[in-house]
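Participant: Structure below; questions to follow.
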Amino acid sequence: MAELVIFVGLPGSGKSTYYFANFAATHTHVSKDLMKSARGLDQKQAGMVETALASGKSVVVDNTNPSCAARAPLIAQGKRHGARIIAYYFDCSVKTALTRNQQREEGRGRVPRVAIFVTRKKLQPPTLSEGFDEVHVVPCE
């Protein structure tokens, strides 16, 4: 059975690092950070997830996915394909996220500081009641 893994966490909380350490060999990586244009990111993401799940591949959606509303379309998409839907919540303080972000290379890797604060305001930890089959918490140091 294919898996749809949805990462939830602040920019700088270690989501991409965790993907490469734990899922790169088995799951397709979908990240808005890797998309060239800012236009239609949600549609592009949905298309990439659709392609992977339709071909029976497991996929990780590596974005902040901060709110229930942001995650709902992904969960619905996974359910349509009969995928096991798993959340990984990166429990990270704003202070740690700011520090890690500052250590990133300038350019696409580093986000404006305000993005971390804005995401924190929207951040709702994932719950089973949203439709997840599993919810894991990844603590940040």
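All of the numbers you see were taken from the coordinates with simple rules; none came from a lab. Since the model is a prediction, treat every value here as computed from it, not as a measurement. Every residue, glycine as well, gets a Cβ built from its backbone with ideal geometry; the counts of neighbours run over all protein chains shown.
Participant: Using modelled amide H (1.01 Å from N, peptide plane; none on Pro or chain starts), what sits under 5 Å from the amide H of residue 88, excluding residues fewer than 5 places away?
Facilitator: Hits under the 5 Å cutoff: 6, 7, 8, 136.
Participant: Where in the chain are the DSSP H helices whose alpha-carbon span along the long axis reaches 24 Å or more and whose Kyte-Doolittle mean is at least 1.0?
Facilitator: Both cut-offs are met by no helix.
Participant: Report the rotationally averaged projected area of region 69-129 based on its alpha-carbon convex hull, in square nanometres.
Facilitator: If I average the Cα hull's projected area over directions, I get 5.4 nm².
Participant: Then there's this: Would you calculate the separation in nanometres between label points at residue 115 and residue 25, each defined as 7 Å from the Cα along the Cα-to-beta-carbon direction?
Facilitator: My value for the distance between the label points is 3.1 nm.
Participant: Now for a separate question. Find out how many positive minus negative residues lie around residue 81, taking Lys and Arg as positive, Asp and Glu as negative, among other residues whose Cβ is under 15 Å from that of residue 81.
Facilitator: +1
Participant: Taking the Cβ of each residue in 26, 96 as the centre, tally the other Cβ atoms inside 10 Å and list the residues starting with the fewest.
Facilitator: Ascending number of Cβ neighbours within 10 Å: 26, 96.
Participant: Distance check, please: which entries in 44/121; 57/79; 44/95; 95/121; 79/122 exceed 21 angstrom between their Cα atoms?
Facilitator: From 44/121; 57/79; 44/95; 95/121; 79/122, over 21 Å: 44/121; 44/95; 79/122.
Participant: Which log10 I(q)/I(0) values, to two decimals, does region 39-93 give at q = 0.16 Å⁻¹ under the Debye formula with one point per Cα?
Facilitator: -0.49
Participant: Can you figure out the FRET efficiency of residue 133 with residue 99, using R₀ = 41 Å and their beta-carbon distance, to the nearest 0.05?
Facilitator: Efficiency computed from Cβ-Cβ geometry: 0.80.
Participant: Specify the residue with the greatest mean-square fluctuation among 66, 125, 112, computed from a Gaussian network of the chain linking alpha-carbon atoms under 10 Å apart.
Facilitator: 112
Participant: Still on this model: Whole number please: convex hull volume per residue, Cα atoms of the chain, in Å³.
Facilitator: Roughly 108 Å³ of hull volume per residue.
Participant: Mean-square fluctuation check for the chain, GNM, Cα pairs under 10 Å: which of 87, 52, 76 is largest?
Facilitator: 76
Participant: Give me the net charge of residue 6's neighbourhood, meaning all other residues with Cβ under 12 Å from the Cβ of residue 6; Lys, Arg count +1, Asp, Glu -1.
Facilitator: Local net charge: -2.
Participant: Something else: Net charge around residue 131, counting only other residues with Cβ within less than 13 Å of its Cβ (Lys, Arg = +1; Asp, Glu = -1)?
Facilitator: +1
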